[in-house]
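Encoded as structure tokens, the structure appears first; notes follow it.
The values are calculated or read from the model by the stated rules, or taken from the named source; none is laboratory data. Everything quoted here is computed from the prediction, not taken from an experiment. Glycine also receives a Cβ, built like all others from the backbone with ideal geometry; neighbour counts cover every protein chain displayed.
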There are 2 protein chains.
Amino acid sequence: MLDPWGTTVVEDYNRLYEEFGIQRFKPLLAEISNPSMYMRRGIIFGHRDFKRVLENIKRHEEFAVMSGIKPTGEFHLGTFMTAREIIYFQQQEATAFYCIADIEAYEDNKIPFEKSEKIAVGNVADLLALGFDPKRGYIYRQYKEQRVRDLAFLFGRSVTLATVKAIYGERNIGLYLSALVQAGDILMPQLEDFNGPKPTVVPVGIDQDAHLRLTRDLASKFRRKFNFIPPSSTYHKIMKGLDGSPKMAKRNPMSYFTLHEKLESIAKKISNAFTGGRPTVEEQRRLGGVPEICPIYEIEMYHFVEDDDAMVKVYNDCRSGKLLCGEHKAQTTEIVLNFVKDHQRKRRKFVDKAREILLVN
Amino acid sequence: MLDPWGTTVVEDYNRLYEEFGIQRFKPLLAEISNPSMYMRRGIIFGHRDFKRVLENIKRHEEFAVMSGIKPTGEFHLGTFMTAREIIYFQQQEATAFYCIADIEAYEDNKIPFEKSEKIAVGNVADLLALGFDPKRGYIYRQYKEQRVRDLAFLFGRSVTLATVKAIYGERNIGLYLSALVQAGDILMPQLEDFNGPKPTVVPVGIDQDAHLRLTRDLASKFRRKFNFIPPSSTYHKIMKGLDGSPKMAKRNPMSYFTLHEKLESIAKKISNAFTGGRPTVEEQRRLGGVPEICPIYEIEMYHFVEDDDAMVKVYNDCRSGKLLCGEHKAQTTEIVLNFVKDHQRKRRKFVDKAREILLVN
């Protein structure tokens, strides 16, 4: 089956639907008047209870979008995607919550709060440069947000050791604690302080679903006290590594780039990337490439080519053997570098604003 | 061996010295110029690193005393003892920290914060009525004390699941979390905000030693960051239940009384108490009673008869068969009720002050 949006076909998403009760996103698509690129292309492939949020979007009624970043380094394509998903929902009239998960960065990655604070300034500048409107959103650090920590303490009583062990394995207590904090992040938008309760959508990678299950469970345990509505979620696919590895990973620098690397370094990584090409030019002309397994194709399709028709053309040209990998890499490099240059320029203007926001919240 | 202070001889305290490294208190006694009743009578029988605190007492140098109460109900004889130990050290020039362990009351006893706040007002009024000087002390609620909670989050990373399971067994995450909070309580007096680091003594019942071990371990793990001095502790024996049960326990109302019960109820519990008496008056006259196993004797000796000579007389009169249980119970009832009446009268005057303190901190 030919499908220009069908990368990562190898993964067995059916298992997610059947075993974990994640719902398919596609049937909702027709009801969304202004779907994001991620939605149109099936990159957002699953959800929990998104209908509840969709109803409020349609009726122009209040809802929230909540997600965040673990401040361990510069924006990479994963945090970039989450940021753009939040901004998309903010543009659909959501009140947007962006959490700097510094407690998690500390408990899980040993990053001291003094250091994560500095990293967060850059992350927030990125978010603002991408179009987040701070006047209609709330950006905060977990460590400074008493409401989140209050919720974590409340939730503690209702979460057993068995539950956190099943999700996180044998870890230090701080790591379990940060799971409670994360549940606090997701439910904070529903507190009275923020005019809650209200439907909330949490756009995340599918690898984060366990947190959502835990939080939805807590929402129902504490429903009597707070009137929580179980939070909704959307799930995006996880990108492959540039080098053909199953996933971009920090310990493998050739698998990803950040938005703040030197341009030459980004260009080099793209140029060295794995592709869906054939061993020889002759074969590729004859058989065509395989965009479905190609990280170069994926980068454009996930992130940098907004126009669906242009993307379909790339797909067809690759499959027909017209577009060779060298040429495609050159094209992609140009698109990415232009974006990054432009973004870095914009971002510089937002650094002071970012610092100011983090000082207050 | 006859020893007027030798109650609860049955317990094998040697094991504590040998296996857990708790040090004997008695050898220090000669160095203490003004020992408390609990010290003189061996009710405080063990310690960790108390010498460090003792040196500062002698040199009139700064040290802190820290303990607290889980706000689950009115003052009983256990919380009464801890309060008086804190007040004793405050009188030896310690800066005194009194923690309202409302997070623990929530995680362990399911007491909502709104309720524990009310209970705490009474507890603090008791503390003030017993002589705690709020001008040279700091009374606070865990849930409101950000410094304590900050420390808990920091400590989380260094405490493994295995450690908390060994101390607390398989519990909910909140219970483990409250162990971290408790370590925060014990080390907060050593923060710069409180002119730390400084020696700190934590007077507790021997059943609390596991917390101290955990906290001393954390103090050394975070020494580089905070310059913590490992906290010292003193351990008091645990009182028997009035009804002869091994320990006073809430689920067994005949085993204890609070300082705010109706006087008739206290009188009735004393009158029904188990004693070290003989089956018949004749036998008791002939053989004498056994004060070592008698909760009535213990109540006076632990709490209500400050004068050592008077106490020795009771001991001898019981052993010789001169003092019969009925008479002793009547005597004890009078002493206790006089104390309680007087205390309740004083306490009423401190309720507003207590409320004010808890509102601020």
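Name the single residue, out of those in segment A:53-106 being within 14 Å of another protein chain (Cβ to nearest Cβ) and part of a helix (DSSP H, G or I), that is nearest to residue A:124 (Cα to Cα). Step by step, filter segment A:53-106, then rank; the result is A:102.
Checking each residue in segment A:169-191 for being within 14 Å of chain B (Cβ to nearest Cβ), surrounded by 17 or more Cβ atoms within 10 Å (Cβ to Cβ) and among the charged types (D, E, K, R) picks out only A:171. Among the listed residues A:15, A:59, which satisfies the condition of being surrounded by fewer than 16 Cβ atoms within 10 Å (Cβ to Cβ) and at pLDDT below 95? Going through A:15, A:59 in turn, the sole match is A:15. Would you mind stating whether residue B:111 is within 14 Å of chain A (Cβ to nearest Cβ) and surrounded by fewer than 23 Cβ atoms within 10 Å (Cβ to Cβ)? In short, yes.
Can you spot a residue in segment B:100-107 that is under 10 Å from residue B:201 (Cα atoms) and small (Gly, Ala, Ser)? No - not one qualifying residue is present in segment B:100-107. Report whether or not residue B:232 is touching a residue at least 12 places away in the same chain (Cβ under 8 Å), touching a strand residue (DSSP E or B) at 6+ places or on another chain (Cβ under 7 Å) and more than 25 Å from residue B:21 (Cβ to Cβ). For residue B:232, the condition - touching a residue at least 12 places away in the same chain (Cβ under 8 Å), touching a strand residue (DSSP E or B) at 6+ places or on another chain (Cβ under 7 Å) and more than 25 Å from residue B:21 (Cβ to Cβ) - is not met. Out of A:222, A:194, one residue alone is within 14 Å of another protein chain (Cβ to nearest Cβ) and surrounded by fewer than 23 Cβ atoms within 10 Å (Cβ to Cβ). It is A:222. Being touching a residue at least 40 places away in the same chain (Cβ under 8 Å) and surrounded by 21 or more Cβ atoms within 10 Å (Cβ to Cβ): is that true of residue B:133 here? Considered against the rule, which asks whether it is touching a residue at least 40 places away in the same chain (Cβ under 8 Å) and surrounded by 21 or more Cβ atoms within 10 Å (Cβ to Cβ), residue B:133 comes out as no. Contact map, segment B:143-168: first residue more than 9 Å from chain A (Cβ to nearest Cβ), second residue among the polar types (S, T, N, Q) and not in a helix (DSSP H, G or I), Cβ cut-off under 8 Å, separation 6 or more or different chains; pairs are B:144/B:361; B:145/B:361. Residues of segment B:111-125 that are part of a helix (DSSP H, G or I) and either at positive phi or without any contact (Cβ under 8 Å) to a residue 24 or more places away in the chain (or both): B:114, B:115, B:118. When residues in segment A:87-139 are screened for being in contact with a Leu (Cβ under 8 Å, 6 or more places away or on another chain) and over 16 Å from residue A:352 (Cβ atoms), 7 of them pass. If you check residue A:303 against the conditions, is it under 22 Å from the mean Cα position of the chain (by Cα), farther than 23 Å from residue A:42 by Cα and either among the small types (Gly, Ala, Ser) or surrounded by 14 or more Cβ atoms within 10 Å (Cβ to Cβ) (or both)? Taking the combined requirement at face value, the residue does not satisfy it. Within segment A:183-225, being in a strand (DSSP E or B) and touching a Pro at 6+ places or on another chain (Cβ under 9 Å) holds for A:200, A:201, A:202. Taking the numbered list (1) in contact with a helix residue (DSSP H, G or I) (Cβ under 6 Å, 6 or more places away or on another chain); (2) modelled with pLDDT of 95 or more in turn, residue B:216 passes all entries but (1). Mind checking which residues of segment A:62-94 are touching a strand residue (DSSP E or B) at 6+ places or on another chain (Cβ under 8 Å), surrounded by fewer than 19 Cβ atoms within 10 Å (Cβ to Cβ) and farther than 19 Å from residue A:344 by Cα? Residue satisfying the conditions is A:62 alone.
Among residues of segment A:31-49 that are under 12 Å from residue A:237 (Cβ atoms), those with a Cβ under 6 angstrom from a residue that is hydroxyl-bearing (Ser, Thr, Tyr) and outside any helix (DSSP H, G or I), sequence gap 6+ or separate chain, pair up as A:44/A:234; A:46/A:235.
Residues in segment B:126-142 that are away from chain A (no Cβ under 12 Å), in a helix (DSSP H, G or I) and more than 17 Å from the chain's Cα centre (by Cα): B:134, B:135, B:136. Counting only helices (runs of 4 or more DSSP H) that sit wholly inside segment B:230-334, those with at least 2 residues that are on the phi < 0 side of the Ramachandran plot and among the basic types (Lys, Arg) are B:263-271, B:281-287, B:308-319.
Restricting attention to segment A:329-352, which residues are surrounded by 13 or more Cβ atoms within 10 Å (Cβ to Cβ) and over 23 Å from residue A:272 (Cα atoms)? The answer is A:343, A:344, A:346, A:347, A:350, A:351.
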